[in-house]
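Novice: Provided herewith is a single structure, encoded as structure tokens, for subsequent inquiry.
The values are calculated or read from the model by the stated rules, or taken from the named source; none is laboratory data. No experiment lies behind these values; they were computed from the predicted model shown. FYI the Cβ positions are ideal-geometry reconstructions off the backbone, even for glycines, and counts take in every protein chain you see.
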Amino acid sequence: MSKQTPNIPNPPTDARKPARQFLVRVLRQDGPGQKPYWQQFRLDYEANLNCITVLQRIAELRTTTDGQKVAPVVWECNCLEEICGACTMVINGRVRQACTALVDQLLADRPEEIELRPMTKFPVMRDLAVDRSRIFTALEKVKAWIPVDSYLDMGSGPRQSQEVQQLAYLYSKCMSCGCCLEACPQYLKIELERLPDETDEQFEDRLREAHMRSFMGAHAIAQVDLFNANPVGEMTASERLDALTAEGGIQVCGNAQNCVKVCPKEIPLTTAIARAGRKATVHRLKKWFDR
Amino acid sequence: MPQPQVMIVGGGLAGMAAAMKLAELDCQVGLMSLLPMKRSHSCCAQGGINSVNDLTRQLGDKEWKHFDDTVYGGDFLQHQPPVKEMADWAPKIIDLMDRLGVTFNRTAEGFRDQRRFGGTLFKRTAFAGATTGQQLLYALDEQVRRWMMGGHIRIYDQWDFLGPVLDEQGRSRGCVAQDLVTMEIRAFPCDALILAVGGCGLIFGRSTNSMACTGAAASRLFQAGAKYANGEFIQVHPSAIPGSDKLRLISESARGEGGRVWVPRKPQDSRHPNEIPENERYYFLEERYPQYGNLVPRDIGTREIFDVCVNEGLSVEQDQMCVYLDVSHLPREMLDRKLGGILEIYEKFQGVDPRDEAMKIFPGVHYSMGGLWCDYERRADGGLVEGSPSDQQTNIPGVYAIGECDYQFHGANRLGANSLVACIYSGLHVAPGVVHDAENLDRPAAEQAASLFDRQRARHEADYKALLARDDTGPNPYHVHQQLGDVMTRSATVVRRNDALDDAYAKVADLERQAAECAVFDRGTWANHHVSFVRALGDMFPLAKTILKGARQRDECRGAHYKPDFAMPPVDADDPAERRRQAHAWCERFRENNRRWLKTTVAELDAEGEPQLSYEEVDTSLVEPRPRLYGLVGGDVIEEVWKEEQAAASTAS
């Protein structure tokens, strides 16, 4: 091999670049319950940027359009491949992941400015980072797992047709990002204030209680359907249906069908809701007759 | 005996496998993670998980061959007993994942489907679309949630591990961590501390790794006295999409399902790839390695792509090095069912549908074979003692390392689809030994003197306060990180040279000084992610220096570590007798090199924070190291001579 050293080059610059610079507006908030405020930044255009790089450039640059030096924007991210769900935010009015929000496309739709805001259905921790623990509490509520006897070697799982696997895979791609919840008119924000004499644990328990009683949302309903379709999961289907029909369950769904439109993984959420709804009705009737 | 208290740091596959198993064994488990576990980097694993299976068995495969492929692929740098144990466990692990509801792809008859991956001739890889890591991660996340209900596992997500708490004898009694929302720093007493903290790709700036993969947690244990082994072995994956924020992986499974790597024979042929006829395409991997073709191990694939672009000047584009990875000849229905996840990534980020035209890819930093040194206890038959407290234990008593952050399983090069099995295996397998060790403790962590924990907590609190007190006139920490990434990528990836490594070490040492006084842009005391980044940046340097120093000192080529100045001599004579003579010389040099370099690099930090290296013998008692050729064209004479010489040697002895 020659003397050249490896380099992993940047993508080539696009000749048809829309502008030399572009504006980004970020809705910031210093902590829970505090007043949000806007800041604007001017960035140099580069080809193939996404909103992650935009936020990284802002952190480096530190300066707003009115010359103020500011702290880096706080936001969550990890994989940058739209598979971890972390970097969900509202970009130009639409809830989505920042990593797949490409600047070229955003500027083509709206050349003047890119607007970043936190999701509105979850309490803001700081800036664009929100507390989505309620999503995971809902998964706990509906017992979204296969209750195996043990982790000892008991041979393989049940055989499955390709069709059943493909359907399950569709639902099991849910990355708990919360887009479906942001878009849902029935999913309302819960924000509790810490009481003065409360410990961390007491506050967490109180929050968890509130989450348990509130609407679980489309993602959790779809998970009920997923686990009840599994041959082993089906053995405890009634427990999940109990959760589905309890307070904050499927009956809260107003059938707005926004969820399915915003799901980045294109999960057929409304199909799952319809199917789970039918099963919930049968379950309720059965329980009524069995009284 | 009270319930053992275990703290696990890291909520990826390894950490969660350990958590659920320890909960089953009636431990009180804490699970600490930078992010909610479902968002861990394990979700980026795409192609699948390896084990011998009913199908391959009937074609002559067995656990021993999976083990052999793994050590051959790793250029024999692994201790063999843990690898053998992992290969023996692999079929049981996939069965368990199947029972946990992982949506593995199915054959028409309803069995788990398998595909072929690099470095083997068997179809050993079970998969769930092209998002296998995600699907496995979710199954374990679900099990962990199940144990949370019963109070067996308590989650500390968005906590940053700062260091272990060691007693006067040097045994771990707990750890200190910081809540990344409230910024509270707290000490956690625990009888066992398990690090499952993943890789360190961010040291190279952009890589296929997620943003949490700074290596900081492993580095903090290293700085507390842990040994770090084989750090110089960094896997550069052959196929990634270059991007300004990261290099996005395109899984080896694209090739496992029939994808082909090629470049136009005419340099920078300006025609659309679909217009270039078959005979004007150079399928260089297939031509150079007819037996393994596009599924050579990753280190070889990466070097060949690099060679074709750099040395032969055949990069598809002039200003951006890349080759074609082509799946457009494959049936769309199959592509959607088996590779949907990765094709969507390409489509979303590049705006081109790879079902219609070839993808443009180039190698990217992907995986750290090296990691925290850890132990094992060998059985006479070459496997491991079940439930041994030595299993995965670092040199700090009471601290364990599992998953990518340990060094045990992959040697000098990891085979594709072996990381998922290694993560889950090490997580499950470590649990009984952890329990045995905790049961034999003189005094549980909860009864240790409070002053022990207070002292460590106060030290980290002071460090944090000092960071917050820094002004913003120093070097920009993001620029320091970018420069570190550039230096490391240039000097310590595909091709390594001693002069460049010396130069890089000096630059990194200078950057380390800059990082120590870099500016802090956020003095907030609530959800201050910036200060956590600045702290992690500082912790990248001990590992970066260990990688560079290990590479500098290792004057040979082994797996992912390639130094052309120390490459094996060519066997290129036309005359058959001369070729055989060259092959003899080659084999002699190979043996000589193994005597010198078939050794584990072990790094420890000295009082000045400089890595000091020593070398340990590798346990190769189960399979004798042999030349690693993968049917390279022209390599047959070496294999022939090698076999003759080995046969003669065994007759003589």
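Novice: Within the group B:ASP319, B:ASP269, B:ASP353, B:ASP336, which residue is farther than 29 Å from B:TYR562 by Cβ and either in contact with a strand residue (DSSP E or B) (Cβ under 6 Å, 6 or more places away or on another chain) or part of a loop (DSSP other than H, G, I, E, B) (or both)?
Specialist: None of the other options fit; the residue is B:ASP353.
Novice: Considering only segment B:478-494, I want to know if a residue exists there that is more than 9 Å from every other protein chain (Cβ to nearest Cβ) and either without any contact (Cβ under 8 Å) to a residue 12 or more places away in the chain or of a type in the set (Asp, Glu) (or both).
Specialist: No, segment B:478-494 contains no residue that is more than 9 Å from every other protein chain (Cβ to nearest Cβ) and either without any contact (Cβ under 8 Å) to a residue 12 or more places away in the chain or of a type in the set (Asp, Glu) (or both).
Novice: Okay, moving on. Answer yes or no as to whether B:GLY427 is touching a helix residue (DSSP H, G or I) at 6+ places or on another chain (Cβ under 7 Å), assigned to a loop (DSSP other than H, G, I, E, B) and outside the structural domain of B:LEU295 (by TED's automatic domain parsing).
Specialist: Working: touching a helix residue (DSSP H, G or I) at 6+ places or on another chain (Cβ under 7 Å): yes; assigned to a loop (DSSP other than H, G, I, E, B): no; outside the structural domain of B:LEU295 (by TED's automatic domain parsing): yes.
No; evaluated as a whole, the condition is false for this residue.
Novice: Picking from B:GLU604, B:GLU639, which residue would you name as being assigned to a strand (DSSP E or B), surrounded by 12 or more Cβ atoms within 10 Å (Cβ to Cβ) and not basic (Lys, Arg)?
Specialist: Numbers: B:GLU639 fails: assigned to a strand (DSSP E or B).
B:GLU604 is the lone residue from the list that is assigned to a strand (DSSP E or B), surrounded by 12 or more Cβ atoms within 10 Å (Cβ to Cβ) and not basic (Lys, Arg).
Novice: Report, by residue number, each residue of segment B:374-383 that is in contact with a strand residue (DSSP E or B) (Cβ under 8 Å, 6 or more places away or on another chain) and surrounded by fewer than 24 Cβ atoms within 10 Å (Cβ to Cβ).
Specialist: Answer for segment B:374-383, where residues must be in contact with a strand residue (DSSP E or B) (Cβ under 8 Å, 6 or more places away or on another chain) and surrounded by fewer than 24 Cβ atoms within 10 Å (Cβ to Cβ): B:ASP375, B:TYR376, B:GLU377, B:ARG378.
Novice: Right, another one. Can you find a residue that is assigned by TED's automatic domain parsing to the domain that holds A:PRO268, over 26 Å from B:ALA139 (Cβ atoms) and in contact (Cβ under 8 Å) with a residue 40 or more places away in the chain anywhere in segment A:196-213?
Specialist: Yes: segment A:196-213 contains one or more residues that are assigned by TED's automatic domain parsing to the domain that holds A:PRO268, over 26 Å from B:ALA139 (Cβ atoms) and in contact (Cβ under 8 Å) with a residue 40 or more places away in the chain.
Novice: Only one of these is within 14 Å of chain B (Cβ to nearest Cβ), at positive phi and surrounded by 16 or more Cβ atoms within 10 Å (Cβ to Cβ): A:LEU80, A:LEU61, A:LEU102. Name it.
Specialist: Exactly one of A:LEU80, A:LEU61, A:LEU102 is within 14 Å of chain B (Cβ to nearest Cβ), at positive phi and surrounded by 16 or more Cβ atoms within 10 Å (Cβ to Cβ), namely A:LEU80.
Novice: Every residue in segment B:250-261 that is buried (at least 24 other Cβ atoms within 10 Å of the Cβ) and either of a type outside the set (Asp, Glu) or part of a helix (DSSP H, G or I) (or both), please.
Specialist: Those that are buried (at least 24 other Cβ atoms within 10 Å of the Cβ) and either of a type outside the set (Asp, Glu) or part of a helix (DSSP H, G or I) (or both): B:ILE250, B:SER251, B:SER253, B:ALA254, B:ARG255, B:GLY256, B:GLY259, B:VAL261.
Novice: Here's a follow-up. Among (1) more than 10 Å from chain B (Cβ to nearest Cβ); (2) in contact with a strand residue (DSSP E or B) (Cβ under 8 Å, 6 or more places away or on another chain); (3) in contact (Cβ under 8 Å) with a residue 40 or more places away in the chain; (4) under 18 Å from A:ARG28 (Cα atoms), where does A:MET89 come up short?
Specialist: Single failed check for A:MET89: (3).
Novice: Would you check if there is a residue in segment B:301-316 being closer than 19 Å to B:GLY364 by Cβ, touching a Lys or Arg at 6+ places or on another chain (Cβ under 8 Å) and either within 11 Å of chain A (Cβ to nearest Cβ) or in a strand (DSSP E or B) (or both)?
Specialist: yes
Novice: Can you tell me which condition A:THR236 does not meet? The list is (1) within 14 Å of chain B (Cβ to nearest Cβ); (2) hydroxyl-bearing (Ser, Thr, Tyr); (3) touching a Ser or Thr at 6+ places or on another chain (Cβ under 9 Å), and all the others hold.
Specialist: (3)
Novice: Which number in (1) over 25 Å from B:ASP157 (Cα atoms); (2) buried (at least 17 other Cβ atoms within 10 Å of the Cβ); (3) away from every other protein chain (no Cβ under 11 Å) marks the one condition that A:LEU49 misses?
Specialist: For A:LEU49, the exception is condition (3).
Novice: Looking at segment B:546-575, which of its residues are more than 21 Å from B:GLN646 (Cβ to Cβ) and surrounded by fewer than 15 Cβ atoms within 10 Å (Cβ to Cβ)?
Specialist: Matches in segment B:546-575: B:GLN553, B:ASP555, B:PRO564, B:ASP565, B:ALA567, B:PRO570, B:ASP572, B:ALA573, B:ASP574, B:ASP575.
Condition check ((1) within 30 Å of B:ARG596 (Cβ to Cβ); (2) within 11 Å of another protein chain (Cβ to nearest Cβ); (3) small (Gly, Ala, Ser); (4) part of a helix (DSSP H, G or I)) across all residues:
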{"position": "B:ALA504", "(1), (2), (3), (4)": "yes, yes, yes, yes"}
{"position": "B:VAL508", "(1), (2), (3), (4)": "yes, no, no, yes"}
{"position": "B:VAL534", "(1), (2), (3), (4)": "no, yes, no, yes"}
{"position": "B:PRO542", "(1), (2), (3), (4)": "yes, no, no, yes"}
{"position": "B:THR546", "(1), (2), (3), (4)": "yes, no, no, yes"}
{"position": "B:GLU556", "(1), (2), (3), (4)": "yes, no, no, no"}
{"position": "B:VAL571", "(1), (2), (3), (4)": "yes, no, no, no"}
{"position": "B:ASP574", "(1), (2), (3), (4)": "no, no, no, no"}
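Novice: Further question on the same structure: Looking only at segment B:195-202, decide whether some residue is assigned to a loop (DSSP other than H, G, I, E, B), out of contact with any helix residue (DSSP H, G or I) (no Cβ under 8 Å at 6 or more places or on another chain) and within 27 Å of B:ILE424 (Cβ to Cβ).
Specialist: No; the residues of segment B:195-202 include none that is assigned to a loop (DSSP other than H, G, I, E, B), out of contact with any helix residue (DSSP H, G or I) (no Cβ under 8 Å at 6 or more places or on another chain) and within 27 Å of B:ILE424 (Cβ to Cβ).
Novice: Related question: Could you name every one of the helices (runs of 4 or more DSSP H) located completely within segment B:34-139 that has at least 2 residues being within 14 Å of chain A (Cβ to nearest Cβ)?
Specialist: On the way: elements: B:54-57, B:63-73, B:80-99.
Per the criteria, B:54-57, B:80-99.
Novice: Can you name the number of the only condition in (1) surrounded by fewer than 18 Cβ atoms within 10 Å (Cβ to Cβ); (2) not aromatic (Phe, Trp, Tyr); (3) not in a helix (DSSP H, G or I) that A:PRO264 fails?
Specialist: Here A:PRO264 clears every test but (1).
Novice: Tell me which of these A:ALA272 doesn't satisfy, since it passes every other one: (1) in contact with a Gly (Cβ under 9 Å, 6 or more places away or on another chain); (2) under 26 Å from A:VAL148 (Cβ atoms); (3) crowded, with 17+ Cβ neighbours inside 10 Å; (4) among the aliphatic types (A, V, I, L, M).
Specialist: (1)
Novice: Kindly indicate whether B:TRP642 is over 23 Å from the mean Cα position of the chain (by Cα) and without any contact (Cβ under 8 Å) to a residue 60 or more places away in the chain.
Specialist: Spelling it out, B:TRP642 is indeed over 23 Å from the mean Cα position of the chain (by Cα) and without any contact (Cβ under 8 Å) to a residue 60 or more places away in the chain.
Novice: With respect to B:LEU162, is the statement that it is touching a Lys or Arg at 6+ places or on another chain (Cβ under 7 Å) and either modelled with pLDDT of 95 or more or among the hydroxyl-bearing types (Ser, Thr, Tyr) (or both) true?
Specialist: Yes; evaluated as a whole, the condition is true for this residue.
Novice: Related question: Looking at (1) surrounded by fewer than 18 Cβ atoms within 10 Å (Cβ to Cβ); (2) under 30 Å from B:PRO542 (Cα atoms); (3) of a type in the set (A, V, I, L, M, F, W, C), which one does B:VAL352 not meet, given that it meets all the others?
Specialist: (2)
Novice: Is it fair to say B:TRP526 is of a type in the set (Phe, Trp, Tyr) and assigned to a helix (DSSP H, G or I)?
Specialist: Criteria not met by B:TRP526.
Novice: Sort through A:ALA168, A:ALA108 and tell me the only one that's over 17 Å from A:ARG208 (Cβ atoms), assigned by TED's automatic domain parsing to the domain that holds A:GLN29 and small (Gly, Ala, Ser).
Specialist: Exactly one of A:ALA168, A:ALA108 is over 17 Å from A:ARG208 (Cβ atoms), assigned by TED's automatic domain parsing to the domain that holds A:GLN29 and small (Gly, Ala, Ser), namely A:ALA108.
Novice: Which residues, taken from segment B:140-176, are among the charged types (D, E, K, R), at the interface with chain A (Cβ under 9 Å from one of its Cβ atoms) and under 25 Å from the mean Cα position of the chain (by Cα)?
Specialist: First, the residues of segment B:140-176 that are among the charged types (D, E, K, R): B:141-142, B:145-146, B:154, B:157, B:160, B:167-168, B:171, B:173.
Next, only the ones that are at the interface with chain A (Cβ under 9 Å from one of its Cβ atoms) stay: B:141-142, B:145-146, B:157.
Within segment B:140-176, B:ASP141, B:GLU142, B:ASP157 meet the criteria.
Novice: Now for a separate question. Collect the residues in segment B:572-589 that are under 28 Å from B:MET369 (Cβ atoms) and in contact (Cβ under 8 Å) with a residue 40 or more places away in the chain, keeping them in residue-number order.
Specialist: Listed by number, the residues that qualify are B:TRP586, B:CYS587.
Novice: Shifting gears a bit: Under 6 Å between Cβ atoms, which residue pairs at least 6 apart in sequence (or on different chains) link something in segment A:133-159 that is more than 7 Å from chain B (Cβ to nearest Cβ) with a partner that is of a type in the set (Gly, Ala, Ser) and buried (at least 19 other Cβ atoms within 10 Å of the Cβ)?
Specialist: Pairs that qualify, where the first residue is more than 7 Å from chain B (Cβ to nearest Cβ) and the partner is of a type in the set (Gly, Ala, Ser) and buried (at least 19 other Cβ atoms within 10 Å of the Cβ), are A:ILE135/A:SER176; A:ILE135/A:GLY178; A:ALA138/A:ALA220; A:LYS141/A:ALA243; A:VAL142/A:ALA220; A:VAL142/A:ALA243.
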